[in-house]
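One structure is given below, encoded as structure tokens.
The values are calculated or read from the model by the stated rules, or taken from the named source; none is laboratory data. Predicted model only: the values in this text are computed from it and were never measured. Reconstructed Cβ throughout: ideal geometry from the backbone, glycine too, with neighbour counts over all protein chains shown.
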Amino acid sequence: MITAPLTDRFGRAIEYLRLSVTDRCDLRCAYCIPNGFKDFEEPEHWLTFDEIERLLGVFAALGMKRLRLTGGEPLLRRNVSELVQRIAALPGIEDVSLSTNATQLARMAVELKAAGVTRLNVSLDSLDADTVARINGRPVLNEILAGLEAASAAGFAPIKLNMVVMRDNADEVDAMVDFCLERGYVLRLIELMPMGDTARKMGYVDLQPIKHQLQARFSLVDAMLPGGGPARYLGTTDGRFTVGFITPLSQHFCATCNRVRLTVDGQMNLCLGQEERMDFRTLLRGGASDDELAAAVRRAIDLKPERHDFHEQPNKLIRFMNTTGG
Ligand code: SAM
């Protein structure tokens, strides 16, 4: 097995993998999966747990340290806690986190913690039941709130709360800030990315003015939080409130991008906003050795583009977030 660290053509060390364990979801967030979307992967194309464990073992031997389970909605993949347990035990893997819409979290928080999930990100775009039903496609606010409570009770801390800010909920940022302050959640505000028509219709909102308002309201200073992601954090000096900004459009972070994405059917997407990818399912099912898989990982990393073109070519990407491994 080759052991030099994974570095791309632009000198970026690649050590973070977002693993989509399903492209299905119980919600229809208007910016993510269009209503009526039917083009889900065939179950026989889903990587099995054995295939995932083997491939991640190869990645880990090449220096991949952090994993995040995502989707679709990862808690819909049957026995996902067993998968967590298996990949958390791989030598070299230091951190297994998970992003969820939290609809299933009330019943699963304890088992996820026991299985080895270190950190949880929960998506919540509004605290208003009607807005949630409208943006997220189902009236699930109460389930999400129950999931958040169960996650805190299970010992997840800090919980990061992801709010995608768009035309429809931009006036709710202050309410979300107060909610997070009260409960000790870290708020992360995310700019809408133009992935597929469905996201482009939702009305992009530049987060810079919102950042300046919050900075002034709370006298925020730069803050650091664990996690391998692109958020830039600000916090109060007493540590009571931290807010992260994920601003792929108004201030992109491609120069420090350390990640790749693996879809449920074993395709590695090298950039959220570009089409370069590598097919690992065919390699795994075609009998590739570990050395051949490792060589393919290196070839894939060599394909990683320098940056996305969301600004310059907002209509370029027809792929939806759920099929990307968001
Ligand atoms: N179902 C899980 C969840 O809700 O967190 C994981 C998958 S979801 C695709 C991951 C994150 O991507 C969510 O926070 C979601 O809001 C965000 N997302 C989806 N489409 C997006 C878009 N077009 N722009 C920005 N964020 C998006």
- Regarding GLY72, is this residue within 12 Å of the ligand (Cβ to nearest atom) and at positive phi? yes
Those residues of the stretch 273-315 which are part of a loop (DSSP other than H, G, I, E, B), under 21 Å from GLU15 (Cα atoms) and out of contact with any Phe, Trp or Tyr (no Cβ under 6 Å at 6 or more places or on another chain) amount to GLN274, GLU275, GLU276, LEU303, LYS304, PRO305, ARG307, HIS308
Residues of the stretch 13-22 being at pLDDT below 95 and part of a loop (DSSP other than H, G, I, E, B), in sequence order, are ILE14, GLU15
Taking the stretch 234-256 and keeping residues touching a residue at least 40 places away in the same chain (Cβ under 8 Å) and touching a Leu at 6+ places or on another chain (Cβ under 9 Å) leaves ARG240, PHE241, THR242, VAL243, GLY244, PHE245, ILE246, THR247, PRO248, LEU249, SER250, GLN251
Expected single match for in contact with a strand residue (DSSP E or B) (Cβ under 8 Å, 6 or more places away or on another chain), within 16 Å of the ligand (Cβ to nearest atom) and closer than 22 Å to THR247 by Cα among VAL164, VAL177, VAL80 is VAL164
Somewhere in the stretch 189-204, is a residue buried (at least 22 other Cβ atoms within 10 Å of the Cβ), of a type in the set (Val, Ile, Thr) and within 15 Å of the ligand (Cβ to nearest atom)?
no
In the stretch 230-267, residues that are within 30 Å of ARG54 (Cα to Cα) and touching a helix residue (DSSP H, G or I) at 6+ places or on another chain (Cβ under 9 Å) total 8
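Output the residues belonging to the stretch 25-45 that are modelled with pLDDT under 90 and either within 13 Å of the ligand (Cβ to nearest atom) or of a type in the set (Lys, Arg) (or both).
Residues of the stretch 25-45 that are modelled with pLDDT under 90, as a first pass: 33-39.
Listed by number, the residues that qualify are ILE33, PRO34, PHE37, LYS38.
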When you scan the stretch 211-224, do you find a residue that is more than 16 Å from the ligand (Cβ to nearest atom), among the basic types (Lys, Arg) and surrounded by fewer than 18 Cβ atoms within 10 Å (Cβ to Cβ), even just one? yes
Checked the stretch 206-239 for anything among the polar types (S, T, N, Q) and under 25 Å from the mean Cα position of the chain (by Cα); matches are GLN208
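Collect the residues in the stretch 233-261 that are outside any loop (DSSP other than H, G, I, E, B) and within 16 Å of the ligand (Cβ to nearest atom), keeping them in residue-number order.
VAL243, GLY244, PHE245, ILE246, CYS254, ARG259, VAL260, ARG261
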